[in-house]
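Structure, as structure tokens:
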There are 2 protein chains.
Amino acid sequence: MSEQPTTTTANNTKEKKVKAPKQQQQQGSSSGLKQNEGIDVKKQENFSEWYSQVITKSEFLDYYDVSGCYIFRPNCWFVWESVQKFFDAEIKKLGVQNVMFPLFVTKRALETEKDHVEGFSPEVAWVTKSGNSDLQEPIALRPTSETIMYPSYAKWIQSHRDLPLRLNQWTNVVRWEFKHAVPFIRSREFYWQEGHSAFKSKEEADEEVFTILDLYKRVYEELLAVPVIKGTKTENEKFAGADYTTTVETFIATNGRAVQGGTSHHLGQNFSKMFKIQFEAENKETQFAYQNSWGLSTRTLGVMIMVHGDDKGMVLPPRVAFCQAVVIPLLFKDKDNTAVTEKAKEIYSELEKAGIRVKLDDRLERTPGWKYNYWELRGVPLRIEIGPKDLEKQQIMLCRRDTGEKWTMPLSEFSGDSIKMVLDKIHDSMLNKARKEMNERIVVTRTWPEFIKALNSGNMCLIPWHESKAAEEYIKEKSKLESVQSQSDANTGLTGAAKSLCVPLDQSSFPSLEGLENFYPDEADKKPNCWALFGRSY
Amino acid sequence: MSEQPTTTTANNTKEKKVKAPKQQQQQGSSSGLKQNEGIDVKKQENFSEWYSQVITKSEFLDYYDVSGCYIFRPNCWFVWESVQKFFDAEIKKLGVQNVMFPLFVTKRALETEKDHVEGFSPEVAWVTKSGNSDLQEPIALRPTSETIMYPSYAKWIQSHRDLPLRLNQWTNVVRWEFKHAVPFIRSREFYWQEGHSAFKSKEEADEEVFTILDLYKRVYEELLAVPVIKGTKTENEKFAGADYTTTVETFIATNGRAVQGGTSHHLGQNFSKMFKIQFEAENKETQFAYQNSWGLSTRTLGVMIMVHGDDKGMVLPPRVAFCQAVVIPLLFKDKDNTAVTEKAKEIYSELEKAGIRVKLDDRLERTPGWKYNYWELRGVPLRIEIGPKDLEKQQIMLCRRDTGEKWTMPLSEFSGDSIKMVLDKIHDSMLNKARKEMNERIVVTRTWPEFIKALNSGNMCLIPWHESKAAEEYIKEKSKLESVQSQSDANTGLTGAAKSLCVPLDQSSFPSLEGLENFYPDEADKKPNCWALFGRSY
């Protein structure tokens, strides 16, 4: 029924590792999580099994009996709601309005833009029956909504006064992929926002493309503590039907794979010509609108988990964590715990009042050690402990989830604000660490031998580039071949073809292109005019 | 392609009716909306055509080329977002958490609870293909998510410590109905929240059923200004698989039809036994959980429009209106409008600062008369006019959308707070008016002749009741027969069978049942033990 992988290693390495704090000599001898409750593989050793364990054992996601579909549990949906809240407020400031178009699309509408439908048709799911009756004609489930929305745009847009039209919807979409599904990253149903705009001029449309791309960057960096590279997609990799596609690319250091994090497309007049989205301009001439579409999906969550998670489980960035701090009083069986309990409650209340998402774990039936593991597995950024000795010394013990760092804070310094500062520091340091890891793995390669060596060591490669579909195919084919022949290990994920990730927008820190040869020998006559980033990707 | 009805009457009654204010002698002679822009049928005369015109011409909704599916435009989606915001915050206070389960359900899971699947199976849409390939087995789109969620509940719930489990999701659902579709009220895809809870005891579950029902009442009354009757459904009308169903019933005075506004179900142990949702209780015994499910949908929007709309178009309750007040400066061609424009902008800024959703309509190319109609059609609750004479007298003119009432307010009394008070007053008076209309149409009927007479005059009927499926069938059949034979007019909607709406929870204002006969003559031996509300419904 379920796709949930069965864990073959019965050893719970977690349980062995746990050190109970010295103060703790209370009920029960076991201090860690039970067999199988913790993560029992290492991120570096078996990444895909690690990922599967982290997302399920942290109660983030569950498998489902329809292949490629997943259950988003509360702690997980909370992250997406945080992204929604931020992004929705930002686009509303820009004048974007929310709408809701149907899930269903007719064959005729879906096929109106030819390049577009070719990009999607193998993955389209079709409804053909209701109850026991056949439908008159099959109806598709949206893989994206361009062809659903644009007939209405043609109707609503008549005059230049109707422009710009900037609409967004938060929906589920369906792409019935047969590639190996990866929770959050590649699934048959996923959740996203899709923005669809129409403008009078290309300039206005262009401007929006990059404004939205900046918001996507902010979602990753300011909320998820994940660094991104902004860039444009090559011809081969752009959205089906777009003039150009911009992207925020993210990077999973563990397996050296990039993930396309969100895309903002300029559609030019491709769709407006097909769907007859025309307006009377100020000068009375009839013109076709310029359009954009842009989308950010729950893939964000997968990237966040893959980037930050560690051998103990989930590591949540504070701004999207369902719980930002957990307060754990160290309670002793057969002793009077009143004073410690009272102080823990005070701390809890203070933080709650300050608007921090906080939990108090004063369960008597669990040991502190078990609780530490429990909350670590779930990724809670900060743990606050208080025991009788702490109380004597008028202090609390703080422990960061991301680094494991422990330190004491005098109660006189404790406040909502001081804890907020700690949380911000955690955010910054998670982001900086991930950025450092990513930047170290961007390697300048001028020749094939340099390229394949860097690639098979888990890097992304910058190459001297001149836009070319042939060059792209060449790199794809050759890297596929040589990755199989190389030492690369299936467990590390260093297999398969490399493809172009993007042409980074900011090329200022890259070496000069002067005098460099085209990376693609067959087009040696074309001088490279930018650096393009290639790599393996999801 | 489109289902949009074509309007056969070309006369635009709207345009003729518009009285331009005396001050207004500016550009252009036409003061009203263009041909076909306004509503050209009366609510009382052709309700369904009126409804269709109101929802489309106000730019609330658009028709779509898949039958029974609709496009929710920004002003409309704003109402639903307002409902979401309120309800989501309230259930989170109760400890409910949001999740997201897949859209898809396997045949096997769907059919686990027999009564349940029988209630839904004719309306289930099936995906059978992806691209050009047949799926191994057809997969259904959720008509509701009991059977999707409860296998996970069985897995997640092991101990009494795992309870209560209270989850909610905001989703689209699909019911491929073949009955006549009515936008918002009955469509093939709609949007809702569905809450699904599991408890240790029936008492806790019962309590939640009614807590949620109260929140539904608050959504209608406090946000949408629509009065409801809380009640329980009869056996015939309860949710498929529930022990009992509670409902908030709403009423459309124009055609005498009730609309089931939202339902909160107690599922007893029916699903927990089928899905094996069991837990170890404190006493170590294994028990089945008690469950509830509850849902409120975008049907709310249809009820709001039907209850409040008038011959000029939409009438929006202030708390959910995309725009609560529109400021219209009366501008004169070839005159210096600076002072009026400045004051209008000041008023606009003051209101915006106060958190009121306000628009300034200072378009020069439109006359004030046209603007009045434009904003009235879209339902904006309050209009604020200011012209040169007003400025001289240091006053503004206010006009309420719901009553048409116009009055002046000295500028010295104008403030964000004074306008908020006006908006609250509008809300209260819309609710009170609708409540009065509804209450006048609840008629006590003790015999069949009284019943059919009241019914065919567009009323809901209270009858002396003793739960009985046979009685229900009797009333359904007989009312269907006699409505066809009666004088009732198809245009008014007074046709078709009556059914039970609910047994109102509050019976205190109804007459004593003492000595009354059972309304259903064949069961004269069963004494009535409550009043039940019957009527025609959507």
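Observations, loosely collected:
- Index of the failed condition, B:D115 passing every other in (1) under 30 Å from B:F199 (Cα atoms); (2) more than 10 Å from every other protein chain (Cβ to nearest Cβ); (3) surrounded by 15 or more Cβ atoms within 10 Å (Cβ to Cβ); (4) not hydroxyl-bearing (S, T, Y): (3)
- Residue among A:E194, A:E207 that is more than 13 Å from chain B (Cβ to nearest Cβ), among the charged types (D, E, K, R), without any contact (Cβ under 8 Å) to a residue 60 or more places away in the chain and not in a loop (DSSP other than H, G, I, E, B): A:E207
- Flag for A:S201 being at negative phi and either free of Cβ contacts under 8 Å to residues at least 60 places away in the same chain or open to solvent by less than 10 Å² (accessible area, probe 1.4 Å) (or both): no
- Selection from the stretch A:402-421 of residues that are assigned to a helix (DSSP H, G or I), surrounded by fewer than 19 Cβ atoms within 10 Å (Cβ to Cβ) and not basic (K, R): A:L411, A:S412, A:E413, A:G416, A:D417, A:S418, A:M421
- Some residue of the stretch B:128-138 being open to solvent by less than 40 Å² (accessible area, probe 1.4 Å), touching a Leu at 6+ places or on another chain (Cβ under 8 Å) and polar (S, T, N, Q): yes
- Of the strands (runs of 3 or more DSSP E) lying entirely inside the stretch A:281-332, those containing at least 2 residues that are free of Cβ contacts under 8 Å to residues at least 24 places away in the same chain and more than 20 Å from A:E437 (Cβ to Cβ) span A:286-288.
- When B:N337 is tested against (1) open to solvent by less than 40 Å² (accessible area, probe 1.4 Å); (2) under 30 Å from B:L455 (Cβ atoms), only condition (2) is not met.
- Residue, most open to solvent (accessible area, probe 1.4 Å), within the stretch B:349-401, restricted to residues that are aliphatic (A, V, I, L, M) and outside any strand (DSSP E or B): B:L364
- Residue that is farthest from A:G195 (Cα to Cα) [pool: residues in the stretch A:264-278 that are open to solvent by 10 Å² or more (accessible area, probe 1.4 Å) and part of a strand (DSSP E or B)]: A:Q278
- Filter result for the condition that a residue is open to solvent by 20 Å² or more (accessible area, probe 1.4 Å) and either more than 30 Å from A:K34 (Cα to Cα) or at pLDDT below 95 (or both), over A:K93, A:K57: A:K93
- Positions within the stretch B:143-191 being of a type outside the set (K, R), assigned to a strand (DSSP E or B) and more than 23 Å from B:E207 (Cβ to Cβ), in sequence order: B:W170, B:T171, B:N172, B:V173, B:V174, B:V182, B:E189, B:F190, B:Y191
Quick grid of which residues meet (1) farther than 16 Å from A:V228 by Cα; (2) surrounded by fewer than 20 Cβ atoms within 10 Å (Cβ to Cβ):
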position: A:E280; (1), (2): yes, yes
position: A:F288; (1), (2): yes, yes
position: A:G295; (1), (2): no, no
position: A:M306; (1), (2): no, no
position: A:A325; (1), (2): yes, no
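- Residue satisfying condition, being open to solvent by less than 10 Å² (accessible area, probe 1.4 Å), of a type in the set (A, V, I, L, M, F, W, C) and more than 24 Å from B:T247 (Cα to Cα), within set B:I426, B:I463: B:I426
- Checking the stretch A:176-190 against the condition returns a match, with at least one residue being hydrophobic (A, V, I, L, M, F, W, C), touching a residue at least 40 places away in the same chain (Cβ under 8 Å), closer than 23 Å to A:L267 by Cβ and open to solvent by less than 40 Å² (accessible area, probe 1.4 Å).
- Filter result (more than 17 Å from the chain's Cα centre (by Cα), within 8 Å of chain A (Cβ to nearest Cβ) and of a type in the set (D, E, K, R)) within the stretch B:59-89: B:D62, B:D65
The values are calculated or read from the model by the stated rules, or taken from the named source; none is laboratory data. As the structure is a prediction and not an experimental result, all values here were calculated from the model. Heads up, the Cβs are rebuilt from the backbone with ideal geometry, glycines too, and the neighbour counts pull from every protein chain shown. Just so you know, the surface numbers come from the protein's heavy atoms only, side chains and all, with ligands and any DNA or RNA stripped out. Shrake-Rupley method; radii C 1.70, N 1.55, O 1.52, S 1.80 Å.
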